[in-house]
Amino acid sequence: MLLPIERIKALQACDELDFRDKCGRWLRARIAEVKNDEEFSIMFIGWDPRHDEDCNYTKQPWRFAEAGSFSEQAESANKDVQINQKVNVNIRNFFDRSGETWVEGYVRKRDRGQVQVKFLFAPKSDKWHVRWFHLGTDDINVPLPAEFWSAPVAKVVAPCQESKTSHVEEMMGSDFDVLDTFDRSQLVDYVKSISDLDSEERQQLRSLLANANERIKERNACKLAFGFGKPRACSQIEMESASCEDVDDDKFISGYEALLIRVHQLTEMENPPYDRVEEILTKLAQEICEEDLGNGVGLLRLQSLINQKLVGIVPETGGYMVTPKGRTALEHIVDFMDESDEEMVESDKPSRRLSSQTFERKREKIELDNDDDMDDLLADFD
């Protein structure tokens, strides 16, 4: 697992290892350069060079591990957690803190054996932090019975009392909507692509969404929705239970498609949100899809996009991004419009390609021998 200091010191350029980035996530990495006797330049395999880090191994030896020991390790059998479940994490490696280093937080995201946990730096602090922890380590404990985090409800303060709550805290009541403070003007516009699924395929997609097996559902539904091949389960699903005769098929898209569109739109924003992102994505996706994303369904669809490598997680911010595979999927369902693009109207839709030149057919009189014309020639056959 973790490399002893002697092994770390012996690392050379191009050696591969597991390296824990500054957000705590274990990723497959390579030694890009031995800078001096105590410092390495680390590059993350498959990531943009802007994410490269320099690390002094004498001060942070806990960031070095055997290649694949954490980054490729699946879920721990004795630590099964769900989104929003409360956990206890040890933050000793991230902050200089005397005394107790264990804090309570809740799980925001999962990626196989790793979870992103949101927690308060101190019990009386209002500053939230997010870090990644591997379920196979001793730095995270899962209390039993399982408890789940829910958004706090602001207390009602009488007008005669002095309120010390902020404006945002006052909005965090039962009527608070995260989209109330969301700037929609930054969302890039899009138009539906000509490769929409036909009525029968939409009916198959609805039937897949009703399947109780999440693994079968996500794999086959993503194949069908994004054009990655014919889903194997379609021949076994009950089509009659998901009839689409009474639904406008042109308006139906699943939660998978809607969330992928919204993830792209958020990444293209000049000032994307960094808090309650999952809630924002789910609410925005619900506006453009027929599937009900409530009761945690939206989070399941988002996790499925991550599992299918359509959406990735940005190490620095913990936000979401569309992967190259996800961009291919987007091209199958929508066309995003740049600011320079003019709004497409019905008359602008592409039609059958015609020649750029037009020709006017003219009937010309044909002269024959002996001053005969074509009419004379035809008269000879009467």
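What follows draws every value from the coordinates through simple rules; no lab data is involved. All figures in this text were calculated on a predicted structure; none of them were measured in a lab. Glycine gets a Cβ as well: all are built from the backbone with ideal geometry, and neighbour counts include every protein chain shown.
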With 0.36 nm assigned to each residue of separation and the Cα-Cα distance removed, residue 58 to residue 210 gains 49.4 nm
Positive end of the charge dipole of the range 5-65 (Lys, Arg +1 and Asp, Glu -1 on Cβ, about the Cα centre): tell me which of 64, 23, 47 has its Cα farthest that way. 23
Grab the other residues whose beta carbon is less than 11 angstrom from that of residue 33, score K and R as +1, D and E as -1, and report the net. -1
Grab the beta carbon distance between residue 144 and residue 325, set R0 = 41 Å, and tell me the FRET efficiency rounded to 0.05. 0.65
Cβ-derived FRET efficiency at R0 30 Å, residue 300 paired with residue 177, nearest 0.05: 0.85
Using a simple spin-label model with points 7 Å from Cα along the Cα→Cβ vector, what separation in nm is obtained for residue 9 and residue 96? 2.5 nm
Note the full-extension length gain between residue 82 and residue 186 as 0.36 nm times their separation in residues minus their Cα-Cα distance, in nm to one decimal. 34.2 nm
Extension length gain for residue 74 and residue 1 (0.36 nm per residue less Cα distance), in nm, is 24.9 nm
